[in-house]
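Rule-based calculations on the coordinates, nothing more; no lab input. None of these values were measured; they are calculated from a predicted model. Quick reminder, even Gly has a Cβ in these numbers, built from the backbone with ideal geometry, and neighbours come from all protein chains shown.
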Amino acid sequence: MELLDKNILITGAAQGIGRGIAEACLAQGANVFLLDINEDVLKATVRELKHIYSTKIFAQQCELTNTDSFKESLTKGLNELQVFHGFCNSAASSQGIGPLETFSDEDFDATLNLSFKIVWTCLKEEIAYLRSNRIPGSIVNISSNSAIRGYAFNSIYAAAKAAVNNLSQSVAKEVAKDSVRVNVVSPGTINTPGVKAYFDKEPSAREKLERTILLKRLGEPIEIGETVSFLLSERSSYINGQIISVDGGSSIY
Ligand SMILES: NC(=O)c1ccc[n+]([C@@H]2O[C@H](COP(=O)([O-])OP(=O)(O)OC[C@H]3O[C@@H](n4cnc5c(N)ncnc54)[C@H](O)[C@@H]3O)[C@@H](O)[C@H]2O)c1
């Protein structure tokens with residue numbers, strides 16, 4: 001129970017990887033505060049999790065690209081849990097797909113907003129909270145292996161994730177003196193609802209992709225969650241400013 005009595009805020013926790021992170025933290029004894037824009041799915045997830053786990057689970061709908069909206073949610077979370085020891089910024093999405101020259105300025109702005117600004121919005125408030133309250137916390141940002149390897153036809157998303165990696169390392173340098181750690185988990189292809197829906201339509205694409213993963217299978221959201229819960233815990237007390245790929249070995253294929 002490496003997160004017993006620890007309170008963790010997780011963004012994008014209604015489904016997919018964010019939900020897997022919530023489950024892994026709950027399994028390690030944490031209380032969680034879950035944020036997502038999708039209120040219906042978030043409520044359903046909370047109901048399901050409450051059937052399984054006995055620690056505290058609170059949730060709040062939130063538009064995470066909006067600083068005021070995140071600040072308001074943070075205050076609500078603090079009203080429920082009094083203190084936060086750790087944060088995981090998982091929420092992201094993108095807009096537009098295709099060759100670079102087909103991206104509109106609108107898709108470019110939306111993707112940077114939904115994949116990079118969304119992390120910055122949360123991260124700056126989390127850092128301000130931990131430092132002003134002298135809490136030696138841990139923050140994990142979720143990036144993507146596309147940041148390291150590039151992603152044809154999704155280039156703006158990949159670049160936004162590279163910015164998440166770089167921002168995380170810069171901030172880790174700024175806040176280490178206050179005993180706040182900042183790390184990145186960089187998933188390979190994970191079996192989330194969106195990925196599953198795509199591969200259900202394109203089974204041959206799944207087989208082709210799985211051949212390029214050393215473990216020959218997609219990852220599961222809980223496998224990202226296990227790494228995040230470790231990084232949020234004291235067991236990882238000397239890991240800081242790192243970008244850790246959790247990808248079945250696809251990045252060294
Ligand atoms: N699934 C993969 O294979 C994969 C691979 C690499 C990286 N990632 C990253 O993992 C993270 C989670 O991805 P996922 O596949 O679970 O996606 P997902 O779409 O299944 O879940 C993302 C969640 O974030 C929420 N969200 C999105 N924009 C939001 C906003 N503006 N405000 C509040 N909530 C918002 C969504 O409602 C959703 O519940 C993302 O950062 C993604 O880039 C995913």
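Average 1/r across all pairs of distinct alpha carbons in the chain, invert it, and you get the Kirkwood radius: 18.3 Å.
Among Ser93, Ser168, Ser132, the order by Cβ neighbours within 10 angstrom, fewest to most, reads Ser132, Ser93, Ser168. Rounded to the nearest 20, the Cβ-based charge dipole of region 1-127 about its Cα centre (Lys and Arg +1, Asp and Glu -1) stands at 620 debye. Only alpha carbons enter this Debye calculation for region 118-253, each as an equal point scatterer, and the log10 of I(q)/I(0) it gives at q = 0.09, 0.14, 0.15, 0.17 Å⁻¹ is -0.30, -0.68, -0.77, -0.94.
Working from Cα pairs under 8 Å separated by at least six residues, relative contact order for the chain is 21 percent.
Remark: C-alpha extents of region 75-161 on the principal axes read 48, 24, 18 Å, sorted largest to smallest.
Note that region 235-240 has calculated 3J(HN,Hα) couplings of 5, 9, 4, 10, 9, 8 Hz, one per residue in order, obtained from phi through the Karplus relation 6.51 cos²θ - 1.76 cosθ + 1.60 (θ = phi - 60°); glycine and proline are x. For Ile244, the residues 5 or more places off, or on other chains, whose built amide H falls under 5 Å of its own are Val184, Val185, Ser186. Comparing Ser94, Val182, Ile118 along the charge dipole axis of the chain, the residue lying farthest to the positive side is Val182, per the Cβ-charge model. Against the empirical curve 2.2 N^0.38 Å, the C-alpha radius of gyration of region 13-153 lands at a ratio of 1.12. Phi angles of region 37-48 translate, via the Karplus equation with coefficients 6.51, -1.76, 1.60 and θ = phi - 60°, into HN-Hα couplings of 7, 8, 5, 5, 5, 4, 5, 5, 5, 4, 4, 5 Hz per residue; Gly and Pro are given as x. With neighbour counts taken as other beta-carbon atoms within 10 Å, the residues Ile239, Ile52 rank, fewest first, as Ile52, Ile239.
Each Lys or Arg adds one and each Asp or Glu subtracts one; over the other residues with Cβ under 13 Å from the Cβ of Arg134, this totals +1. Here the sum of -39500 (n - 2.57) over DSSP H runs of 4 or more residues, divided by the residues of the chain, equals -14500 deg cm²/dmol at 222 nm, to the nearest 500. Taken about its Cα centre, the chain carries a charge dipole of roughly 620 debye when the Cβ of each Lys and Arg holds +1 and the Cβ of each Asp and Glu holds -1. Each of Thr121, Thr75 was scored by other Cβ atoms within 10 Å of its Cβ. Listed from fewest to most, they are Thr75, Thr121.
Across region 216-222, coupling constants 3J(HN,Hα) worked out from phi with the 6.51/-1.76/1.60 Karplus curve, θ = phi - 60°, read 6, 7, 6, x, 9, x, 5 Hz, and Gly and Pro carry x. Between the listed residues Ile148, Met1, Gly77, the Cα displaced farthest toward the positive end of the dipole of region 1-158, a dipole computed from Cβ unit charges relative to the Cα centre, is found at Met1. Computed from Cα atoms, the angle from the helix 67-81 axis to the main principal axis of the chain rounds to 50 degrees.
The value given for region 186-249 is a Kirkwood hydrodynamic radius of 13.0 Å, derived from the mean inverse Cα-Cα separation.
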